[in-house]
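These notes are about the structure you will find just below.
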Amino acid sequence: MKKMDIRRGVSDALDLPKEIMLDLPLISLTGREEITVENHKGILTYGEESIRVGTKAGILCIRGQDLGLKQLTAEVLVITGKLVALEFLT
Amino acid sequence: MIKVNGFAAERFMNMLSYRGVYLWDVESDGAGVRLKAPLGSMDILSMCAEKTGCRLEVKGYGGFPSKIRRYKGRQVLTAGILLFAVGLYLLSSFIWVIRVEGNERVPKEDILTYCQELGLKPAAWKRGVDPEEITKEILIQFPDISWVSVDIKGTDVTIKVAETIEKAEVVDKVTPCNVVAAMDGVILKITAERGTPMVKEGDVVKKGDVLISSAVVIGLEGEEQHTEYVAAEGTVTAKIWLQLTDELPLAYEEKVYTGETKTNRILSFWGKDADFVHPSLEEEQADAEILFQKDLALGDFKVPISIKKEQYRIYTLEQRNRTVDEAKAELAQTLREKTEKCLSPYGTIEKIEVHYEEYTDCVRVKGQAVLTERIEEKHTAEEGRDAIDGTD
């Protein structure tokens, strides 16, 4: 974790975007109907009411109704549906 | 569209996204998921399915590539698409609309006509137009324009101009000239700014008489004198008389509208009316009145077709007679209007004397208007000067 701390210090000092320096996810919400997760590490479970996405910051659990994956590439993941909760599990 | 069955659907999707396969519209469907993937990635898809132990089921094909496959072998359609593309390219390489902005004193038509001479006109080949050349030429041609920008955007040309500040009117103060009378009259007042006054108050002058001479004698009396010629200037106010006659017949015709109207619709092409359906007016007399006129346009582009709607108000002519007093009043009014029309902004009407002659069928009027008017008029004194020079 030493390496990570140095990186955090550098990005804080130089005001560099953390999602690039620390490989953290960048999560954007459009109202409560669309969520975009950049820098994800893959889907863990997939269902209509909850989707779990692995990220560097921990497992992101998205809960809602009629969830669907609109887009999935190596970098970007777009989920649509009626969002209820966002939770980091670890 | 593919259906994936099996418990490790998430692993399957992760593996695909890791390998750079784009997946979209993922929906859960019972035990498995339904998703869409590119057609070209079928090999990777089946390989990953094998590795993760999922079963693949192709539900159908969709999207642009499969649609194109349906239209394979339809050559006319392909030719049509190509022709459309070529047509679009060709049409967009002509100039369609020319706009002029920012002009106030220079008429738009003048600029457009000059541009036409330079080759910038609607339906001109776009490549053949050099905006810099036109900018230069317009600046040379119109001295009132100080800045021009010719901008070609798509098929539209916008000519933006900025005009110079208006020049003040130059009064020629150098060329010698006399001030002469423009009308006959009696001088009321004479003010000479430059030059020698030749008449005084109360003098009767005829048209063309010199009022203020350009010759100015320099030097005191008894000493050596010499004459210089200047541009005479000054104001001369005089009383003038204007003779007026007019006559008005007692009988006249008056339009009486019957209240009946007829409407007519006209389609016109290039300003020429094509009147297909015309209401019958028979022997009736009518005033035409355009109710509305609309030019048709396709978007911003004007089509030379317009729709007009006309209304005819039908009237009959009736013989009327006016009384002598009415005629006199009307004549007095017309005389006053005529006099006012002759009047310059400096003049005033002193009085109008009228004398009526009554006949059985008409009234004649003789009038004399007394006006106070400025009668000075500049007249270049070339000839007079030569004559004076000759006598010296």
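Miscellaneous remarks
- In degrees, nearest ten, helix B:382-391 long axis to first principal axis of chain B (Cα): 40 degrees
- Helix A:2-14 axis, angle to chain A major axis (alpha carbon atoms, nearest 10°): 90 degrees
- Label positions at A:ASP23 and B:VAL324, each projected 7 Å from the Cα along the C-beta direction, are separated by 12.1 nm.
- 16 Å cut-off, amide nitrogen to a point 7 angstrom out along A:LEU89 Cα→Cβ, residues in the range A:9-52: A:41-52
- Ranked order, B:LYS108, A:LYS2, B:LYS206 - accessible area, probe 1.4 Å, largest first: A:LYS2, B:LYS206, B:LYS108
- Charge dipole of the range B:153-228 (Cα centre as origin; +1 on each Lys and Arg Cβ, -1 on each Asp and Glu Cβ, all else neutral): 440 debye, rounded to the nearest 20.
- Taking B:VAL148, B:VAL21, B:VAL363 in turn, the Gaussian network model of chain B (Cα-Cα springs below 10 Å) assigns the largest fluctuation to B:VAL21.
- For A:35-44, mean number of other protein chain Cβ atoms within 10 Å: 2
- Overall, the anisotropy analysis places the range B:140-255 in the oblate class: the square-rooted eigenvalues a ≥ b ≥ c of its C-alpha gyration tensor yield a/c not less than 1.5, with a/b not exceeding b/c.
- Spin-label model distance (nm) - B:TYR252 vs B:TRP147, 7 Å beyond Cα toward Cβ: 5.8 nm
- Principal-axis tilt of helix B:42-52 within chain B, Cα atoms, nearest 10 degrees: 50 degrees
- Accessible-area value, B:MET15, 1.4 Å probe, nucleic acids and ligands omitted, Å²: 40 Å²
- Options B:TRP147, B:ASN103, B:PRO131, ranked by Cα towards positive dipole end of the range B:97-163, top entry (Cβ charges): B:PRO131
- Modelled label reach - B:ASP361, point 7 Å along Cα→Cβ, the range B:230-268 residues with backbone N closer than 11 Å: B:249-251
- The 1.4 Å probe gives accessible areas that order B:TYR229, B:TYR18, B:TYR71, largest first, as B:TYR18, B:TYR71, B:TYR229.
- Prolate/oblate/rounded label for the range A:44-83 (Cα gyration tensor, a/c 1.5): oblate
- Think of the protein assembly as shown as a dipole: +1 on every Lys or Arg Cβ, -1 on every Asp or Glu Cβ, centred on the Cα centre; then among B:GLY20, B:LEU82, B:VAL217, B:GLY20 lies furthest on the positive end.
The values are calculated or read from the model by the stated rules, or taken from the named source; none is laboratory data. Everything numeric in this text was worked out from a predicted model, so none of it was measured. FYI the Cβ positions are ideal-geometry reconstructions off the backbone, even for glycines, and counts take in every protein chain you see. With ligands, DNA and RNA removed, areas are computed over all heavy atoms of the protein, side chains included. Shrake-Rupley method; radii C 1.70, N 1.55, O 1.52, S 1.80 Å.
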